[in-house]
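I have placed the structure first, in the form of structure tokens, so that the comments after it can refer back to it.
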Amino acid sequence: MVIRLMLCLSLLLPAAFADERIKELNAYWAEVSRAVKAGDFEGYKATCHPDGVLISGKKKTSYLLAKALEIWKPGIDATKAGKVKAAVDFRFSKRWGDARTAHEIGIFRYQHVDEKGVAKTEYIHLEALLVKKDRWLILMENQKSSGTKEEWESLKE
């Protein structure tokens, strides 16, 4: 009887761990979304590992996320000031990892309304590597290529 109970628990624990890990990662991506929408530069920066790397497939380049943050800061500040609007959300097709690592593959949708009121929506194929220190941090953000609304809609929320 004890052996059967231990076997049942051993089968349930990985699923419970995976569910908790996905909840934590969903909270991480929700914080990224919140920071972008609020124009919270420090909040957004806090989601990035200090040695994190941004890869742009469209531009065929890579550089530190710290440099990307410098480039993005004026736009984030403009959002905070209410001059523009921005929003980002994420959907995933693959979510691999363990207690301290995550490999997330999916698409993000970035919506932007500029100072003239012109709205633009982009869908970008994303591959991300995260590590968990005291919290989840992105170590690599690979913006692989442009996506489509149809690809976005094919992924679960």
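All of the numbers you see were taken from the coordinates with simple rules; none came from a lab. Treat the numbers as computed from the prediction; the structure is a model and nothing was measured. Positions of Cβ are generated from backbone atoms using ideal geometry, with glycine treated the same way; all protein chains shown enter the neighbour counts.
The table below lists the values:
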| read-out | value |
| --- | --- |
| Tally, over segment 35-63, of residues that are part of a helix (DSSP H, G or I), charged (D, E, K, R) and closer than 25 Å to residue 125 by Cβ | 2 |
| Subset tally (residues that are without any contact (Cβ under 8 Å) to a residue 60 or more places away in the chain, among the charged types (D, E, K, R) and crowded, with 16+ Cβ neighbours inside 10 Å) for segment 98-126 | 1 |
| Candidate set: segment 133-148, residues that are charged (D, E, K, R) and within 25 Å of residue 61 (Cα to Cα); chosen: the one surrounded by the most Cβ atoms within 10 Å (Cβ to Cβ) | 141 |
| Among residues of segment 81-97, those that are surrounded by 15 or more Cβ atoms within 10 Å (Cβ to Cβ) and of a type in the set (Lys, Arg), counted | 3 |
| Residue match in segment 51-62 (condition: of a type in the set (A, V, I, L, M), in contact with a Gly (Cβ under 7 Å, 6 or more places away or on another chain), in contact (Cβ under 8 Å) with a residue 24 or more places away in the chain and under 22 Å from residue 146 (Cβ atoms)) | no |
| Qualifying positions in segment 63-79 - exposed (fewer than 15 other Cβ atoms within 10 Å of the Cβ) and either more than 15 Å from residue 48 (Cβ to Cβ) or among the hydroxyl-bearing types (Ser, Thr, Tyr) (or both) | 63, 74, 77 |
| Among (1) touching a residue at least 24 places away in the same chain (Cβ under 8 Å); (2) assigned to a helix (DSSP H, G or I); (3) of a type in the set (A, V, I, L, M), the one test that residue 66 misses | (1) |
| Tally of residues being over 13 Å from residue 37 (Cα atoms) and in contact with a helix residue (DSSP H, G or I) (Cβ under 9 Å, 6 or more places away or on another chain) across segment 75-105 | 10 |
